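The values are calculated or read from the model by the stated rules, or taken from the named source; none is laboratory data. As the structure is a prediction and not an experimental result, all values here were calculated from the model. All Cβ positions, even for glycine, are placed from backbone atoms using ideal geometry, and neighbour counts span all protein chains on display. The accessibility values were calculated without ligands, DNA or RNA, using every heavy atom of the protein model including side chains. Shrake-Rupley method; radii C 1.70, N 1.55, O 1.52, S 1.80 Å.
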Amino acid sequence: MDWMASTGGAPSMVLIPLGIRYNSQYYISTHCLSYLDDLVVQLKGDDKKTHLRRRGLSYVDFINTDLKPILIWSSENDEPKIFRSAVRLFAEISTPIECLVFEDTINHANGKSPNVIYELTQLLYKSKEAFLDLSFIQALLHHLELLLEEQILSSEETIFITFALVLFRNVLHAPERPPGAQQDQLVCNLFSHKFDGYLLKLLACPQREEWAAVITQIISVIFKDQPVENIQNRLRMRMETITSGSENYDESNNSSDKVGENSTPNDVSKFLDQFVVDFMLDGYNVVVGILHQQLLRDTNLPLGKPQFFWLIAYFLGFASILKSAFESIKNVLNIDILCHLTWETVCEIGRLDKNTLQRSMDANPRRIHRCVRAIREYLQAFQVYARLDNNTRVNISGPGSFHEYQRWSYLPAMRDLRQLFVLLLRQFNPKFHCRRLLCDIITGNHLLMTTLKQQADEFSACGPCFDMTEHLSQFRTKTILARYGSALSDFRTNGPIVNDSIFTIFLHVKNDLGRTDLLLDPVILRPFVKIWEEEFCICDGWHTLIECVLQTFWNNHQSGNYSMEPFPWNTTTDGLADEENLTLTKAKHTPDNFNPSFNVLHTDTQAVVDKLKNSGFQKQLLWIQSSLLAACSARLGTYVGQEFRNPIASLSLRTNTSCPIIPWTEEESSALNSDLFHFLMFQIGLIPPASCDSVYPCIPREWSPDTVYKVALVFGNVDQQNIDFDLTCVCKSQLKNRVASSLLYISTDGSHHQHILQISAEQYQKQDEILASLPDVPCNVWEWIGKSELGEIWTPEIEDAAISDMANGVNALGFFNEFSSREDEEVLDDLE
């Protein structure tokens, strides 16, 4: 029966015969259980435009008049079926507005009428207020306690626990009136009745995989307004107190003495601090391991990836503060987790690029920040647990830990991780990203570089090495150095870790790469001058570096010997140009011998490849080939158990998705801006479909190893010494293909064949007509257009004016006469 139909969706006590109140007592009806179940069905089938039934429940104050009394009565009278059905209904009623489906209406394109939202919000207010009643919380937790005492849970009981957890999550997430007070009171009410202990017990149950995701959501809602730095500082003080032998810090969260109408933020802090200690000991390792495996099995896990990233970024830093044993975080500080974080970050960058280009409302740069913070915290903990003293390993204990430690020695083989930071620095855009993200990228890269240096020193004999100087050469581009210069402009508030990370890269550029000239750009010189002028407190080595750079700039200015190249900087973006931030924007620099009228449609693939090689794209073609060969190797099982050797190819395969070909460097990105190069990617089937989440070229998941290898041969022969799989495992036939027939006639499963691309004569004619209508445009015009899109034209005159302006500012400080005349070699000795 639809009790709401006759009242236009607004239920009443008469139309919903759940029970009746008489003499201050509530009595349930005979058919209360079936009515509760029926109401759940009705809410799920509610009108998606008006949500009339849900709003009707708010109108009649259904939570206070019926639902809460039913829950308390059924608990006191041992009616578990009614109790569980009422909990399920409450979980449905308290669903966050963001989780409801809204269909468009005539007056509201997004379907969300202000009146509808207002009335639904009132319902959520009442949901939260109901939990301020201690008798209500006690009834819920008492039932949960009884279930946890059982040895084996039935499927019905397991489902109930899931709904109960969803209810707790929804109510903790619900808005409050007035803001602040109710949430603190609710947290105190829950924790004083051992709610935190129940969460940890649930993570110890055999059915914990059923609840890991929603428990993570509960924890994230509880801690959402708690800055992690504040908790870390309090825990450091606690550990120092214990270590110094002072009075033991003993705050228990098992007492209800502090609970009352006037709970304070200090009460909440004590509860949360104790939960962090207990969670890091008994729950953190379990829940991260479960969620990692679930995400690998299902990339569309209802939990969503943000909570997983948050769990690592927020809690991992507590491990070193609490001196946790390695055994208690071995599932977290696992190189497979680092591989997964690397892969997910790349995927998020691709999604953001695509959504930004399409001006999609789904373009959310905060997702990338969560990934970066998780990687940074991982690397920070990695240093604590993997750093070696001269005599012993630090904080390494527990079964299997030495095996994991040995696997860490192969961190230098994770090229994808190293290149990820290069990509993040290139892609950073102050129009979309916050300054905190830039600082986290810079410090994360610094942690990786210092860790790799330690690894190279300790494990050079047992693990693969890499060329540090060659890697650092990727940081000598103006785009990347501009990011560091921009970050240094906030040197007063950065903190020593960020500033040291910035200066370390500048020192590498000057010493290891011998390119002091790259540090002479305004975006770097300006903070240098301010630091020197203000005598800002940094280490002596950095002051020496600043002195050397400013002296070089002054000498060059006086002699008129500018080693600076044109540097486009825009005052609206802190001195950073935006044209290189998105992968598929028009290239600024077009190869001199590229002819836009070159007719590739009737030319075979080899001719296109040859044309690109002659146009200076040899390195970029090798990049595509190496990416294909890595994907082929992954498909052959080369990286099984060693995903760190190529996380992108390995995890794309494991999650059954297309493998992106990532333009890590500006050089690789510039190739994708070439029309001819882009056409080649399309021609061989590497341009992703419109439904793909990424703008990068992608290797289709359905391609077999033979298929991938044959496509790799398009770019040239393959040398066995340059790959990590046996060539006898794949077909070696050379490809001679023409677009006029099918580009590739290749096997995908050993028995069936597919045509990757066929172009009909009609398509040829149409595309030729389009090309013929386009005028030939000189290359310098393309360059001019690219610069004009930024709203600025950089000319030699503007460059000279900028340099002169900077020189005048430096000279005005009046300190150059005090510079010593030491030779560069002496400066290097001091820095070392």
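Site pair Lys323 and Asn115 shows an inter-label distance of 6.5 nm when each label is modelled 7 Å from Cα along Cα→Cβ.
Compared with the direct C-alpha span, the chain from Gln122 to Cys539 gains 144.5 nm at full extension, assuming 0.36 nm per residue. Principal axis analysis of the Cα atoms in region 32-102 yields extents of 39, 20, 19 Å, listed in decreasing size. Working from label points 7 Å from Cα in the Cα-to-Cβ sense, the Asp282 to Thr469 distance is 5.6 nm. Give me the tail of P(r) for region 90-227 as a percent: Cα-Cα pairs with distance above 19 Å. Considering region 90-227, 54 percent of its Cα-Cα pairs are separated by more than 19 Å.
Assuming a ≥ b ≥ c are the square roots of the Cα gyration tensor eigenvalues, decide whether region 111-192 counts as rounded (a/c under 1.5), prolate (otherwise, with a/b larger than b/c) or oblate. Note, shape of region 111-192 comes out oblate. Counting only Cα atoms, the size of region 639-695 along its three principal axes is 39, 26, 18 Å, in decreasing order. Both numbers refer to the Cα atoms of region 598-696; Rg and Dmax are 14.6, 47 Å. So which of Lys126/Lys270; Lys128/Lys201; Lys270/Lys530; Lys81/Lys128; Lys128/Lys330; Lys305/Lys530 end up more than 31 Å apart, counting from Cα to Cα? Flagged as over cut-off: Lys270/Lys530; Lys128/Lys330; Lys305/Lys530.
Computed with a 1.4 Å probe over protein heavy atoms only, the accessible area of Thr638 comes to about 40 Å².
Computed from the Kirkwood radius of its Cα pairs, the Stokes-Einstein diffusion coefficient for region 475-529 at 37 °C and 0.692 mPa s stands at 297 µm²/s.
Over the C-alpha atoms of region 424-537, the Rg to Rh ratio, Rh being the Kirkwood estimate, stands at 0.99.
Would you mind counting up the charge near Leu147? Only other residues with Cβ under 11 Å from its Cβ, with Lys and Arg at +1 and Asp and Glu at -1. Intermediate values should be presented prior to the final figure.
Working: positive: Arg84, Lys201; negative: Glu145, Glu149, Glu150, Glu156, Glu157.
In short, -3.
Test of understanding: what is the full-extension gain from Glu229 to Ala456, defined as 0.36 nm times their sequence separation minus their Cα-Cα distance? Write down the numbers at each step before the final one.
On the way: separation 227, 0.36 × 227 = 81.72 nm, distance 3.20 nm.
Value of the extension gain: 78.5 nm.
Each other residue within a Cβ distance under 12 Å of Phe168 adds +1 if Lys or Arg and -1 if Asp or Glu, for a net charge of +1. The slack in the chain from Leu146 to Met239, taken as 0.36 nm per residue of separation less the alpha-carbon distance, amounts to 29.9 nm.
Near Val287, within a Cβ-to-Cβ distance under 15 Å, what is the net charge of the other residues, with Lys and Arg +1 and Asp and Glu -1?
0
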